[in-house]
1. How many of the residues in the stretch 138-170 are free of Cβ contacts under 8 Å to residues at least 60 places away in the same chain and more than 21 Å from residue 123 (Cα to Cα)?
2. Looking at (1) over 16 Å from the mean Cα position of the chain (by Cα); (2) surrounded by fewer than 16 Cβ atoms within 10 Å (Cβ to Cβ), which one does residue 124 not meet, given that it meets all the others?
3. Do we have any residue at all in the stretch 122-136 that's more than 29 Å from residue 57 (Cα to Cα), touching a residue at least 24 places away in the same chain (Cβ under 8 Å), out of contact with any strand residue (DSSP E or B) (no Cβ under 9 Å at 6 or more places or on another chain) and assigned to a helix (DSSP H, G or I)?
4. Hey, any hits in the stretch 124-137 for a residue that's at pLDDT below 85 and farther than 30 Å from residue 92 by Cβ?
5. Tell me, yes or no, whether the stretch 147-156 has at least one residue that is surrounded by 13 or more Cβ atoms within 10 Å (Cβ to Cβ), in a helix (DSSP H, G or I) and modelled with pLDDT under 80.
6. Please work out if residue 95 is surrounded by 12 or more Cβ atoms within 10 Å (Cβ to Cβ), within 23 Å of residue 60 (Cβ to Cβ) and at pLDDT 85 or above.
7. From the list 57, 66, pick out the single residue that is in contact with a strand residue (DSSP E or B) (Cβ under 6 Å, 6 or more places away or on another chain), surrounded by fewer than 17 Cβ atoms within 10 Å (Cβ to Cβ), free of Cβ contacts under 8 Å to residues at least 12 places away in the same chain and not assigned by TED's automatic domain parsing to the domain that holds residue 163.
8. Just to be sure I understand, how many residues within the stretch 74-107 are closer than 16 Å to residue 38 by Cα and in a helix (DSSP H, G or I)?
């Protein structure tokens, strides 16, 4: 099969145009103005030595397009700021909102580089952090928080607060929960601790509940807090 030079030329011109159009499309910095940034730790080899590093990734929250990825040797404030500067260098100059996890460096870095953007914390990470906190507290007592009615009820309320669509509703639920907890904890603290040093000396460091003949144990405290709801 023979093909003329002019035909080959026309096909090559058409191919180059399509490739050029594709490159131009890929280089366009089209985004919704809302970005989600996360980082994952990975193990890498550097000069034959294994090290921990972090893969930073920015994804458009609306169109789910990957905007930028970068490997950092730490997750410090400097690393967060460097990642944002790399976003700027790619042509992303402004954002309406930026959502991150609870990494402390993000708040300062975003204020430095995208001061007009609203900084939001990821709800999924917030719930995970709270579960980790519950796990640490109960594990220190040799227990599993997933088997505790108190922990499960509190977790349900926290999830309800974080998953609110409106800020006003979230703040209202939070204030309601904290006010109930404060009243219960104040009452519990009063009953578990004498009012002053003089009374402590008089009753040999016993609490009001113990003076009344009640043996106070960890499980009893948990059952008492369960009445919060």
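The values are calculated or read from the model by the stated rules, or taken from the named source; none is laboratory data. These numbers come from a predicted model, not from an experiment. Glycine also receives a Cβ, built like all others from the backbone with ideal geometry; neighbour counts cover every protein chain displayed.
1. Adding up the residues that qualify gives 7.
2. Failed condition: (1).
3. So far as the stretch 122-136 goes, no, none of its residues is more than 29 Å from residue 57 (Cα to Cα), touching a residue at least 24 places away in the same chain (Cβ under 8 Å), out of contact with any strand residue (DSSP E or B) (no Cβ under 9 Å at 6 or more places or on another chain) and assigned to a helix (DSSP H, G or I).
4. Checked against the condition, which is being at pLDDT below 85 and farther than 30 Å from residue 92 by Cβ, the stretch 124-137 yields at least one hit.
5. The answer is no, given that none of the residues of the stretch 147-156 is surrounded by 13 or more Cβ atoms within 10 Å (Cβ to Cβ), in a helix (DSSP H, G or I) and modelled with pLDDT under 80.
6. yes
7. So the residue among 57, 66 that is in contact with a strand residue (DSSP E or B) (Cβ under 6 Å, 6 or more places away or on another chain), surrounded by fewer than 17 Cβ atoms within 10 Å (Cβ to Cβ), free of Cβ contacts under 8 Å to residues at least 12 places away in the same chain and not assigned by TED's automatic domain parsing to the domain that holds residue 163 is 66.
8. Qualifying residue count for the region: 14.
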